[in-house]
Amino acid sequence: MNETTSEAINLTIDGVEVTVPKGTTVLQAAERAGVVVPHYCYHPGIPSRPAQCRMCLVEIEGQPKLQPSCVLSATDGMSILTQSDTAKEARRSVIEFLLLNHPIDCPICDAAGQCMLQDYAFETHQLESRSHEAKLVLGRDRIADDILYFADRCILCTRCVRFMRDVAGDEALLVAQRGHKAYIDTFPGKDLENEFRGNIVDVCPVGALVHEDFLFKPRSWDMDSAPSVCPGCSNGCNIDIAVKENQIVRVKPRYNADVNGFWMCDHGRKHLVMANRGSRIDLPLIRRHGELEAVHWGEALEWLSTNLPEGGSGHAVVSAFDATESLAAVRALLGRIGIEGGGYRLSRGHEAELGGFPQLKLRAERAPNAAGAELFGFGETDGLPEVSDGDTLVVVGDRLADAPADYGEGAGFFLYIGSHLSDAARNATAILPATTFAEMEGTFVNHEGRVQRFHQALVPPGVARPTWMILRRLLGLGHGEVTMLEARDAFAVAASESGRLAGLNWDEVGLKGVNPGGTAAPVAK
Amino acid sequence: MGYPHSHELEVGTILSRHFGDPKARDLNTWLTYGGYEGLKKALEMEPAEITTVVKDSGLRGRGGAGFPTGLKWTFMPQEQKGPHYLCCNADESEPGAFKDREILRWVPHLLIEGCLVAARAIHAEHVYIYVRGEYFPFTNILNDAVVQAYEAGYIGENILGSGWNCDLTVHIGAGAYIAGEETGLMSSLSGGRAEPRIKPPFPAQSGVFGSPTTVNNVETLAAVPMIVVNGSDWYRQWGTEKSPGTKLWCCSGNLERPGNYELELGVSLKDVIYEVCGGAPNGKKIKAVIPGGSSTALLTADELDVPSTYEGLQEAGSSLGTASPIVLDEDVNIVRAMRRIADFYAHESCGQCVQCREGTSWVAQILRRIEVGDGRLSDLDTLYDLCEQLTGRTICVLADSVVFPLRSSLDKFRGEYEALIGGRP
């Protein structure tokens, strides 16, 4: 890694003047000048820079020999040419060499459309090869339980090997053989079991490493993508959710220097692809004459505002998977009907830290927003509250998947707001269809108190709505008709009701999140 | 019986005097031959004095590049902050070169002594001799000598009562040409793959185990003790101003008397081939000579009258390299010879740089196709273009190594290529 200092130097890249701190590499300086120098082996998140792909060779004006810009330190007065004939010819020939033994199977390759080899091959207009030789076939290999390696597509940039060694701190991959017969492999008798191994697929600039979950499924141009936050644990890794036909097909980490760098863990990836499963509630249901009956939203909310008992003994169960805005709205509702306290259940698991980026840790608390729940006075509970006959029970977000089938049967009134219909949820007096986090906008507060926004990735089923929207509407009935349609408004209200988030601005939270400071409400260990 | 062949032009003084004499491997005999006098003298000298003598002698690196040895030593940090290391490069893998092998197997103590003198000059506390895996039998000879030298106090703690400590380890590689490249050697020695790395940092800044390191060739180090004993002027009695001293030649191919000869630098290459080695056997004509090991540009029979110095061969468009001429007589198929060379480099490419990994094997494939009569004239253009793409674009010079012989053969023997192609476009 080049160490940068505060001393500034000036250089020109393709005639564009740029000022950078001393110690900056030419490749980084070019980025500042708005010039992308094509590269494969260099990755900003991987410390080692072998300069071996030879793709980022640039011409230093006045010097005959091309230099790799990924390791070349920018010096004062330097003039760099990335588009000179020599530099372009060098890049063209690298692509020609890479394609010599490449199967050119873009039509069935998962990386097509997002492949740096494909992009540059087109950019250098190499649609025909000069080679008359037979291609070397190396085949493919299962390099981990869930990752396949297509050796013939591999350009041996060694990003995967170096991610495992430099970042994951688990030297599980190696280059086997040498020369044009070289390929990536695991060590004999050792499997790639690291919990951050999914990142090797992300760093692969071509289609050599492929997640089996994703294999042969969507074409990259058929996918939509939304910036989001991983709900797998309380770390709050920034992610992009890729969607095809309203299904989550892939999750990739989204760069955030303060939270997860370029990375995320495999637990998070798997967790999210699982989010497609389960039977969803897509209409409001209210119990009349002992039977659940589907009604439209207006009727359901009118009915609730009339029938939801106020006062008396009551219990509330919320979920640390819900957005901060929703949790704030639940607290407001509970206040209205006179229920105090309330809690959330939290499952815990083992922890795993990414050695080369310790801020990123699969954390024991396997929910994204326990800190957000704490902000609104919800505490962690071990189990579900005992419900005595006649009590009011409000369950929001918790799927009650593990609750006994008769749970809540004796309640005087049982309001269930959630996305999935479990056996216990069927005992409710009223069931309101809520979205999952992927179907709405909102914020999570991570383990260190950082507030991060997630965007809507999926269209909700039926008439499901975000919990905050449902509850703010319900609370508004007969009280001035507050209609809240935007998450930014719900956030503003939630922030003002929370204390710690007061004054935070939705736009300021932006895509990277902010930590408003102060002490994050501690989550019990 | 003399060591395989000898010739009156030989200066068998410095390196090869005891070649063919198995007794020289034994420490006690070696001492009677004047062994370890250089070390004794070096122990009385300041390290900087040793460097000065070697620098003044004009000794140049015998691994092929010909970099001035004394100058290389001055690159080591003057202020010692941690351990310094000396690596002796005995990964002699260049096709055609077999000079270090002879030093290892006949005069191991000469090498050990040279290592120790150099180690003292650069403040190294540990010497590693990195021997190519294929030299297993000769490594045993070297190991026996090392054990003897340790026991007699020439290596280890308080060497010869001087208070100076230096250890020596012999390390056997697993057999890779590229382990002979100094950064590849250091990576291999440190437990990694034999893969060259980008410089800077240079070995003198960060080498073996991240410490300042000097890498010297076997033949270079073997010349050091005599230089220290006799002084730089003595060494300069041989050779030229820019290429002083003697050089161990490895002559192979179609020769009447192939083998090792220690000759003064500057003798005509023609004399080496015809006088010393007796020319091609059976009265055949010589077609071409690859003068410095397989990675150098070949010279035709008409181009041999050049002084065999670093600068002389360079002027002739080739390189002295390791002074390992491979002689090809009139029966040799040049395309086949080039294909064989390209195959070697394709096999030995470490595979890091794209040009080298893919380019060397592509060159070999094209040459093979031409060789079997399936070539086309456009292949020659492709080969010329590949010569451009493989030059100066990679971390090390392995890719360049295939270009030198290939381009010269295309320039000088295009007719042979065209004859095999037979006019196919």
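The values are calculated or read from the model by the stated rules, or taken from the named source; none is laboratory data. None of the values given here were measured: they were computed from a predicted structure. Using ideal geometry, Cβ is built from the backbone for each residue, glycine included, and neighbour counts are taken over all protein chains shown. Please note that ligands, DNA and RNA were not included when accessible areas were found on the heavy atoms of the full protein model with its side chains. Shrake-Rupley method; radii C 1.70, N 1.55, O 1.52, S 1.80 Å.
Could you size up the charge dipole of the range A:274-426 around its Cα centre, putting +1 on the beta carbon of Lys and Arg and -1 on that of Asp and Glu, and report it in debye to the nearest 20?
Approximately 480 debye in magnitude.
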Between B:R340 and A:Q177, Cβ-based FRET efficiency (R0 25 Å, step 0.05) works out to 0.75
Residue farthest toward the positive end of the dipole of the protein assembly as shown, with Cβ of Lys/Arg at +1 and Asp/Glu at -1: which of A:I143, B:M186, B:N89?
-> B:N89
In degrees, nearest ten, helix A:85-100 long axis to first principal axis of chain A (Cα) | 70 degrees
Show me A:217-228, B:245-256 ranked by packing, highest mean number of other Cβ atoms within 10 Å first.
-> B:245-256, A:217-228
Quantify how strongly other chains surround peptide A:173-181 by giving the mean number of their Cβ atoms within 10 Å of each of its Cβ atoms.
-> 6
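For the range B:90-138, what value does the Rg/Rh ratio take when both radii are computed over Cα atoms and Rh is the Kirkwood radius, given to two decimals?
Rg/Rh: 1.01.
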Roughly how many percent of the accessible protein surface of the range B:334-421 is carbon and sulfur, given a 1.4 Å probe and a whole-percent answer?
-> 51 percent
Which order, highest average first, do A:376-387, A:429-440 follow once you tally other Cβ atoms within 10 Å for each residue and take the mean per peptide?
-> A:429-440, A:376-387
P(r), alpha carbons of the range B:6-236 - 5 Å bins starting at zero, rounded % | 1, 7, 15, 20, 22, 18, 11, 4, 1, 0
Go ahead and collect, in residue order, the members of the range A:152-193 whose backbone nitrogen is under 20 Å from a label point 7 Å along the Cα-Cβ direction of A:E448.
-> A:167-169
Starting from the Cα of A:A294, move 7 Å in the Cα-to-Cβ direction to define the label point; list residues of the range A:411-450 whose amide nitrogen is under 16 Å from there.
-> A:420-421, A:431-434
Report Rg(Cα)/(2.2 N^0.38 Å) for chain A, keeping two decimals.
-> 1.14
Place a point 7 Å from the Cα of B:N140 in the direction of its beta carbon; the residues of the range B:13-32 whose amide N falls under 19 Å from it are B:20-27
Which whole number gives the average, over all residues in B:342-352, of C-beta atoms from other chains lying within 10 Å of the residue C-beta?
-> 4
Can you give the Kirkwood hydrodynamic radius of chain B from its Cα pairs, in Å with one decimal?
-> 22.1 Å
The ratio Rg/Rh over the Cα atoms of the range A:16-65, Rh being the Kirkwood inverse mean 1/r radius, stands at 0.95
Rank-order A:48-58, A:190-200, A:63-73 by packing density, defined as the average count of other C-beta atoms within 10 Å over each peptide's residues, highest first.
-> A:48-58, A:190-200, A:63-73
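Ignore the peptide's own chain and count Cβ atoms of other chains within 10 Å of each Cβ in A:89-101; give me the average, rounded.
Numbers: counts 3, 5, 0, 1, 10, 7, 1, 8, 12, 3, 1, 7, 4.
Average per residue, whole number: 5.
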In the range B:246-329 the accessible area split gives carbon plus sulfur, as whole percent at 1.4 Å, a share of 41 percent
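To one decimal place, what Kirkwood hydrodynamic radius in Å is obtained for the range B:137-278 from all pairs of distinct Cα atoms?
18.4 Å
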Estimated inter-spin distance, B:K242 and B:S268, nm [label 7 Å along Cα→Cβ] = 2.0 nm
Any lysines whose Cα falls less than 18 Å from that of B:K285, other than same-chain ones fewer than 8 residues away, would be B:K270, B:K412
Share of antiparallel DSSP beta bridges in the range A:304-409, in percent to the nearest 5?
-> 25 percent
In degrees from 0 to 90, rounded to the nearest 10, what is the angle of the helix B:354-371 Cα long axis to the longest principal axis of chain B?
-> 50 degrees
Excluding residues fewer than 8 positions from A:K181 in its own chain, the lysines with Cα under 24 Å of it are A:K135, A:K190
Cα pair distances of the range A:398-525 binned at 5 Å [whole percent] = 2, 10, 15, 17, 17, 17, 13, 6, 2, 0
So what is the calculated 222 nm ellipticity per residue for chain B, using -39500 (n - 2.57) for each DSSP H run with n of 4 or more, over all residues, to the nearest 500 deg cm²/dmol?
-> -12000 deg cm²/dmol
Long-range amide H partners of A:V249 with built H, under 5 Å = A:A242, A:V243, A:K244
To the nearest 10 degrees, the tilt of helix A:467-476 (Cα long axis) against the first principal axis of the alpha carbons of chain A is 40 degrees
Note down the relative contact order for chain A as a percent, whole number, built from C-alpha pairs under 8 angstrom at least six residues apart.
-> 11 percent
Quick P(r) readout (the range B:334-421; Cα-Cα; 10 Å bins; whole %) gives 20, 56, 22, 2
note: the range B:246-329, Cα-Cα separations exceeding 15 Å make up a percent value of 46 percent
For the protein assembly as shown, Kirkwood radius (reciprocal of mean inverse C-alpha pair distance, Å) | 32.8 Å
